[in-house]
Amino acid sequence: MTLARADRVSRRYGDVLALDQVDLEVRAGELVGLLGPNGAGKSTLINLLVGLRRPTSGRVELFGGDPRDPASRRQIGVTPQETGLPGTLRVGEVVDFVSAHYPDPIPRNELLDQFGLSELARRQTGGLSGGQKRRLAVALAFVGRPRLVVLDEPTTGLDVEARHTLWEAIRAFHADGGTVLLSSHYLEEVEALAQRVVVIGQGRVLADDSVDAVRAVVGVRRVSLTADGLPSLPGVVRTEQVDGRTHLLTADADQLVRDLVTSGVEFRDLEVRPTSLEEAFLAITTADAQPAAAA
Amino acid sequence: MQLALTHARYQLLETIRIPIAIFGSAFFPAAAMLFFVVPFAGKDPVAATFATASMVTFSVMSANIFSYGVGVAEDRQQPWDPFTRTLPAGPAPRFAGRVLAGLTITYLSLIPVVVIAATLTEARITPMAFLLALVTVAVISVPFTLMGLSIGYALPSKAAIVVAQLVFFPLAFGGGLLSAPGSAPGFVEAIAPYLPTRGAVELMWAAVGHYEPARLSLIMLGVWLVLLAALGGWAYRRDEGRRFS
């Protein structure tokens, strides 16, 4: 069963095309990671799916209905990217306020306990630390016993320990049959939680695959050297010539260097660097689309 | 409905946690009572009653313009506002809650004026007239609520504070709230009927004593209502379109 769906969805802000013909399906029981650099369009996609914005073209569906219809949102819980809590309200009051919108909310103490917030129930949210606010904001997504939670960069600004506490809560929810869509720009976070990864860059879906498949792609390294003419080498996914330097992108840099040496070709200034997520994906996708355009 | 009450409750909680917000809207009318009404009209039961009604109108106006104008503008800047839109409820409960909370603040801000009138002046009112005045307060809140909402939805909060301050005094003075019925300076008498404050205060005067509201003031109050409702609706939709389209 599909809980959330985007069908050829585009979203434009003035001159900027934030999303370009995006398709996405989140099925019941999945834990899907939306991975991509800042400004890739992750939050825009999430805002469309939870009904905060309307697509410029295309269709979004939530539980088979329009996300802008309150009834379609009855079984979701959301943590937006920005943590904005009413500063004068106490932690417990904020939980009660959100609970009032759902027919069968999780009791306040149980929820606060689960997210390690019990001690803070009487504190005004304005006095919490950034990490405590973030944990509360994530906890609020779970108040209404949702079937789907949508978390936009849930662990931004958290220290390692708080991040792991949160990951545990997300895993427990998923183990109980819950469905999760979470965005992140950390590969580590998506690896730790998700089974399926959707990579977004420049408003498009660049990859939609298992974590392992995506890790293999992201594990691409850049081998740079100066040489006059190279033989064709196995395992090179892309070759670039910039200012007399040759850049080779490969999934196995060790083997490539061995091959280079055994080929006997003259080269200087060998350098091996990891590629950033963005670089890896953009390189590979543009290479697929237009192999001759190496700059 | 239940949800509207919940929203009203938490909005009130938020306001009450910063008591100066309520104090602010109650201060001006209470101070005006002490400095102008008590010494100059306090001994005359009729004049004191009318003057108190004027200050009540003043208080209703400032409480509404400030609590909606500044409150809405500030809320719009908080990420909490979009979060509440992901909850399974439409905009109606939040909006109804806001109006209920605003009305409650309005009544609270009237307490000092009424207490001063009852204890320090000869102002007198029958229980029936008092009830009628309470209802009239809700009625005359409507145009000022709409004015506050227009300001709050149309402007960012820093601008909203300034505009709220800029409109409230000319409206009070120009509408003749600071003088007894029929005894305002000439130019005020001339422009007053065209301001929403005039129709509002004439309704209050009619509620508390023998006063026949002028037809022109009431017609203009109706015109203001339509204008402000249109302006508020426009500002709300424009804001929605800008932030949530």
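The values are calculated or read from the model by the stated rules, or taken from the named source; none is laboratory data. A quick note: this is a predicted structure, and the numbers were derived from the prediction, not measured. Methodologically, a virtual Cβ is constructed for each residue, glycine included, from the backbone with ideal geometry; neighbour enumeration extends over all protein chains shown. Calculation scope for accessible area: heavy atoms of the full protein, side chains included, ligands and nucleic acids excluded. Shrake-Rupley method; radii C 1.70, N 1.55, O 1.52, S 1.80 Å.
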| field | Separation of alpha-carbon centers, the range A:222-266 and the range A:11-68, rounded to whole Å | value | 39 Å
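Shielding by partners for A:98-104, please: the mean number of other protein chain Cβ atoms within 10 Å of each residue's Cβ.
Numbers: counts 3, 1, 10, 9, 3, 1, 0.
Partner Cβ neighbours, averaged per residue: 4.
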| task | Taking the Cα centre of chain A as origin, sum charge times position over the Cβ atoms of Lys and Arg (+1) and Asp and Glu (-1), and report the length of that vector in debye to the nearest 20. | result | 1020 debye
| field | Charge dipole (the protein assembly as shown, unit charges on Cβ, about Cα centre) - positive-most of B:Leu227, B:Val139, B:Leu3 | value | B:Val139
| field | Cβ crowding within 10 Å averaged over residues, with B:26-38, B:51-63 ranked highest first | value | B:51-63, B:26-38
| Which residues of the range B:1-46 bury at least 50 Å² of accessible area once all protein chains are present, versus their chain alone (1.4 Å probe)? | B:Tyr10, B:Glu14, B:Arg17
| task | Would you mind working out the magnitude of the charge dipole of the range A:157-212 relative to its Cα centre, with +1 at each Lys and Arg C-beta and -1 at each Asp and Glu C-beta, to the nearest 20 Debye? | result | 220 debye
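Report, in deg cm²/dmol and to the nearest 500, the calculated mean residue ellipticity at 222 nm for the protein assembly as shown, where each DSSP H run with n ≥ 4 adds -39500 (n - 2.57) and the sum is divided by the residue count. Walk me through the numbers before you get to the answer.
Numbers: 20 runs with 287 residues, N = 540.
When only DSSP H runs of four or more count, the value is -17000 deg cm²/dmol.
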| message | What is the distance in Å between the Cα centroid of the range B:4-47 and that of the range A:97-127? | response | 34 Å
| task | Only Lys, Arg, Asp and Glu count, each charged at its Cβ (+1, +1, -1, -1), so figure out the dipole size of the range A:19-63 about its Cα centre, rounded to 20 debye. | result | 180 debye
| message | Distance between the C-alpha centers of the range B:60-83 and the range B:135-161? Whole Å please. | response | 9 Å
| note | With every protein chain in place, the residues of the range B:58-105 shedding 40 Å² or more of accessible area versus the chain by itself (probe 1.4 Å) are B:Pro79, B:Trp80, B:Phe83, B:Arg85, B:Thr86, B:Leu87, B:Pro88
| For A:Arg238, distant residues with modelled amide H under 5 Å away | A:Leu249
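I want the antiparallel fraction of DSSP beta bridges within the protein assembly as shown, as a percent rounded to 5.
On the way: 37 of 55 bridges.
Bridges in the protein assembly as shown are about 65 percent antiparallel.
Quote the total accessible area buried by chains A and B together, excluding ligands, DNA and RNA, probe 1.4 Å, nearest 100 Å². Numbers along the way, then the final one.
Details: alone 14510 and 12450 Å², together 24440 Å².
By this definition, chains A and B bury close to 2500 Å².
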| task | Only Cα pairs under 8 Å and at least 6 apart count here; give the relative contact order of the range B:87-245 as a rounded whole percent. | result | 26 percent
| remark: Accessible-area loss of at least 10 Å² in the complex relative to the chain alone (1.4 Å probe) applies, within the range A:118-166, to A:Gln124, A:Leu140
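Averaged over its residues, how many other protein chain Cβ atoms are within 10 Å of peptide A:76-89's Cβ atoms?
Numbers: counts 3, 2, 5, 2, 6, 2, 5, 3, 9, 4, 10, 5, 7, 5.
The shielding value for this peptide is 5.
List every DSSP H helix in chain B whose Cα atoms extend 27 Å or more along the helix's own long axis and whose mean Kyte-Doolittle hydropathy is at least -0.5.
B:45-77, B:91-120, B:127-154, B:215-244
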| To the nearest 0.05, what FRET efficiency results for A:Arg245 and A:Ala172 with a Förster distance of 60 Å applied to their C-beta separation? | 0.75
| note | Counting only protein heavy atoms and rolling a 1.4 Å probe, one gets per residue an accessible area for the range A:2-213 in Å² of 40 Å²
| Accessible surface of chain B [probe 1.4 Å, protein heavy atoms]: carbon and sulfur percent | 75 percent
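How large, in percent, is the carbon and sulfur part of the accessible surface of chain A at a probe radius of 1.4 Å? All intermediate terms of the calculation are to be shown ahead of the outcome.
Values: 6110 of 13290 Å².
Ligands and nucleic acids excluded, carbon and sulfur give 46 percent.
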| Positive-end extreme of charge dipole, the range B:2-244 - chosen from B:Ala184, B:Phe173, B:Ala118 (charges on Cβ) | B:Phe173
| How about B:Lys158: which lysines have a C-alpha closer than 28 Å to its C-alpha, ignoring those fewer than 8 places off in the same chain? | A:Lys133
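Averaged per residue, what accessible surface does the range B:1-123 expose to a 1.4 Å probe, in Å²? Could you put the intermediate results ahead of the total?
Details: 5150 Å² over 123 residues.
Normalised by residue count, the accessible surface of the range B:1-123 is 42 Å².
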